[in-house]
Structures are given as structure tokens and as C-alpha cells.
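The next block holds one structure in the form of C-alpha cells; read it before the comments.
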Amino acid sequence: MNQLTVLGIETSCDETGVAIYSGGAGLLAHQLYSQVELHAEYGGVVPELASRDHVRKLVPLIRATLNQAGMTGADIGGIAYTAGPGLAGALLSGAAVGRSLAWTWKVPAVEVHHMEGHLLAPMLEETPPEFPFVALLVSGGHTMLVKVAGIGRYELLGESLDDAAGEAFDKTAKMLGLGYPGGPAIAARAELGNPDHFTFPRPMTDRPGLDFSFSGLKTYALTTMQRESAGLQGEGLEMLKNDIARAFEDAVVDTLMLKCRRAIRESGVNTLVLAGGVAANQRLREKMNRMMSAEGGSAFYPRLDFCTDNGAMIAYAGWQRLGAGESIGLAFQARPRWSLMALCEPAV
Ligand code: KG4
Ligand code: ZN
């Protein structure tokens with residue numbers, strides 16, 4: 001096994017994450033600073049504020065992570081940072097610090113694809129999934145179904161044609177006045193909602209294929225709100241929001257489950273991996289567990305902290321890539337748009 005000790009840096013959006021992963025000892029330390037409060041008053045991520053905050057927080061967080069592991073720079077054998085996809089300025093702040101540290105410490109640096117980080121996050125758990133598996137990647141920016149034969153061996157089975165699942169949660173929550181980030185806000189309100197009040201559509205489940213479309217559901221929630229809220233205020237209005245949150249969550253969860261079941265059946269692979277921020281959703285996890293046990297297979301997830309953005313998944317993905325001999329030169333760049341499929345090895 002590759003014994004490298006890798007420092008991973010995540011700054012693609014609104015979380016500053018740093019972690020140290022070692023081949024022998026596994027995950028040695030991880031630290032996360034979330035900018036949620038900074039962006040909350042704007043109802044979403046403000047890119048320029050995000051970049052400035054990463055610049056402020058990253059170096060102290062690297063120090064804290066080294067301290068937590070009882071290490072110094074001399075113990076680090078390689079640096080991995082998220083190069084994309086994500087916000088250009090946010091990515092650049094992580095890339096600049098990561099590449100410079102690697103130069104100072106005279107160790108190799110490697111670019112990590114943020115979605116490959118998410119995809120491999122379940123590998124940090126005590127019982128990791130084995131290849132091949134089908135992965136549902138559900139984050140704020142992406143919804144993808146991918147058949148994974150190994151690291152860098154990905155086949156895209158389906159993706160969202162419009163809003164990502166997390167984006168639909170965020171926009172619907174904003175529209176209902178539930179705040180940011182929308183996923184946890186909707187999930188909390190859905191707990192209080194009546195599941196029988198409304199039934200929302202399950203988009204694109206009645207036709208073949210594994211693509212998704214979530215933007216219509218957001219509009220469905222909006223028109224339901226407009227139609228039903230006339231004359232309502234106070235507790236009545238809040239109860240209506242709870243019921244809409246529940247109907248919306250049930251529709252997204254059901255749609256994701258139906259597509260995953262189809263992917264499992266069509267691919268003949270009976271291991272499912274869920275990753276990305278939306279994989280933190282409890283109702284989604286329960287529904288997928290039930291579906292996978294009925295299919296005679298099993299579902300794997302990262303722990304809740306590692307569903308949303310974090311440095312541990314970047315350190316792990318970087319450890320894999322550095323171990324395979326990859327590294328970059330002294331120049332660095334941000335890749336705001338970067339397809340996961342671009343990572344696939346050329347067919348031999
Ligand atoms: O992976 P992530 O941290 O960042 C991106 O790479 O985008 O995902 C963030 C997304 C947000 O859209 C957030 O609303 C959603 O994940 N999310 C959830 C939950 N927790 C976070 N969605 C549904 N239920 C949750 N419990
Ligand atoms: Zn993410």
C-alpha cells in the first residue's frame with residue numbers, strides 16, 4: 001500500500017476544509033470552517049466573500065490540522081487541493097496555498113476533482129464499498145449517476161438536465177422563506193409536515209433513461225404556495241410551508257430512488273454509493289436502504305460530516321492520485337468547469 005501522508009485542501013465553495021490522510025494510519029486529522037453564517041444574510045453564496053474568507057481561514061486551519069495530527073510540514077509527503085469544479089476565486093485561493101506549500105516543503109502536489117472527492121468519500125468509512133458500484137452524486141451543483149469500475153474508471157449513466165438536486169432544495173427553501181442552505185431547512189420543516197396533504201410529480205420517472213430534471217418541481221412548489229396561501233398567516237401559513245416541504249422532499253427522494261433502482265437493475269451492479277451534500281438527507285438514506293435490501297444489495301454512504309464539502313475526501317482522493325504517480329508542475333490553475341468524465345483513463 002502507498003504509505004504517503006497527504007495534506008488535502010478544499011475551497012471550492014463555502015467551506016474551508018483541511019485534512020491529513022496517510023496510507024498506513026488512515027485519516028489522521030480534519031478541520032472544517034463553514035461560511036454558512038457569512039452568506040446566510042444574502043440567501044446564498046456570494047463568490048467574492050467566499051474567496052476572501054478562504055484566504056483568511058485557510059492557513060490557520062492548516063496549522064490547526066497539523067497540530068491535531070501532532071505533525072509538522074516535514075511529515076507531509078504530498079499536497080492535494082480541489083482544482084475544480086467550483087467558484088473560480090475560491091478555487092484559486094486553495095490552489096495558490098496548496099501549490100506554494102508543496103514547493104516550500106519540496107513535496108509533490110496534485111489537483112483533485114471535487115466530485116471525485118465526493119465519490120470516494122465513503123472509502124473513509126470502516127466498511128468501504130468494493131468496486132464496481134453505482135454512485136449517485138447529489139450536491140449543490142451536480143446530480144449524476146455514475147458506474148464506477150475503479151478510480152478514474154467512470155461511466156456516466158445519467159445526470160440532471162437542469163437544476164441539481166441540492167440546487168432545487170436551495171431554491172425551493174429560498175422561495176418558501178426557509179433560509180440557506182435549503183437542504184437541511186427543508187428536511188427540518190418536512191419532519192413537521194403532513195405527508196398526505198400534497199403529492200408532487202416524480203419528474204422523468206415515467207419514461208426510460210437515467211437523466212433527471214428538478215426545476216419543474218421547484219415551480220410546482222411555487223404555484224402550490226401561491227394557490228394555497230391566500231388568506232393564510234401565522235401558524236396556518238407555517239403549516240402550509242411544512243406540508244409543501246414534505247411533498248417536495250418526498251418527490252425528490254422518490255425520484256432519486258426510482259432512478260437508482262433502474263440503474264442498479266440495468267447495470268447488474270448491486271452496490272450503491274450515495275455521496276454529496278444531499279446524501280446527508282435522512283429520508284433519502286432510509287428510502288435507499290429499503291430499496292437496496294429489496295434488490296438484494298447494499299447502500300453505502302459517507303458519515304454525515306463527509307457528505308457535505310470537507311478536506312478529508314480531498315486528502316483521500318489526492319492520496320490515491322499521488323500514489324498512482326500523478327502530480328503537477330509548478331504552475332497552478334483553477335478549473336471552474338471540469339467534467340468528471342475528463343478523468344477517465346483512455347481505453348486501452
Ligand atoms: O456537496 P455539497 O456540500 O456542496 C456542493 O458540492 O455543492 O452540497 C451542498 C448541497 C446544498 O444544496 C444543500 O442544500 C444540500 O447539499 N444538503 C441537503 C442536506 N444537507 C445539505 N439536501 C437535502 N437534505 C439535507 N439534509
Ligand atoms: Zn461538494
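The values are calculated or read from the model by the stated rules, or taken from the named source; none is laboratory data. Everything numeric in this text was worked out from a predicted model, so none of it was measured. We place every Cβ from the backbone using ideal geometry, glycine too, and count neighbours over all the protein chains shown. Keep in mind that these areas ignore ligands, DNA and RNA; they rest on the heavy atoms of the full protein, side chains included. Shrake-Rupley method; radii C 1.70, N 1.55, O 1.52, S 1.80 Å.
Side notes on the structure shown:
- Close amide-amide hydrogen proximity is noted between V273 and V134, A135, L136, F300, each under 5 Å apart and 5 or more residues distant or on a separate chain (H modeled in the peptide plane; Pro and chain starts excluded).
- Rg ratio (alpha-carbon, reference 2.2 N^0.38 Å) - the stretch 1-43: 1.54
- Close amide H partners of L28, meaning residues 5 or more places away or on another chain with modelled amide H under 5 Å apart, are I20, Y21, S22.
- For the stretch 197-203, Karplus couplings with θ = phi - 60° (6.51, -1.76, 1.60), whole Hz, Gly/Pro x: 5, 10, 10, 8, x, 10, x
- Solvent-accessible area per residue in the stretch 131-301 equals 42 Å², computed with a 1.4 angstrom probe and all protein chains kept.
- Net charge in the neighbourhood of I328 (other residues with Cβ under 9 Å of its Cβ; Lys, Arg +1, Asp, Glu -1) is -1.
- Per-residue packing, averaged as other Cβ atoms within 10 Å, sorts the ranges 86-92, 166-172, 55-61 into the order 166-172, 86-92, 55-61, beginning with the highest.
- Accessible carbon and sulfur surface of the stretch 131-301 relative to its total accessible area, %, 1.4 Å: 49 percent
- For the chain, the Kirkwood estimate of the hydrodynamic radius, built from every pair of different alpha carbons, is 20.7 Å.
- Protein accessible area in the stretch 1-91, 1.4 Å probe - carbon and sulfur %: 54 percent
- With the highest mean first, a sort of the peptides 176-185, 5-14, 96-105 on other beta-carbon atoms found within 10 angstrom per residue produces 5-14, 176-185, 96-105.
- Remark on the stretch 131-301: ratio of C-alpha radius of gyration to 2.2 N^0.38 Å is 1.05.
- Here the contact order of the stretch 1-104, divided by its residue count and restricted to Cα pairs under 8 Å and six or more residues apart, works out to 35 percent.
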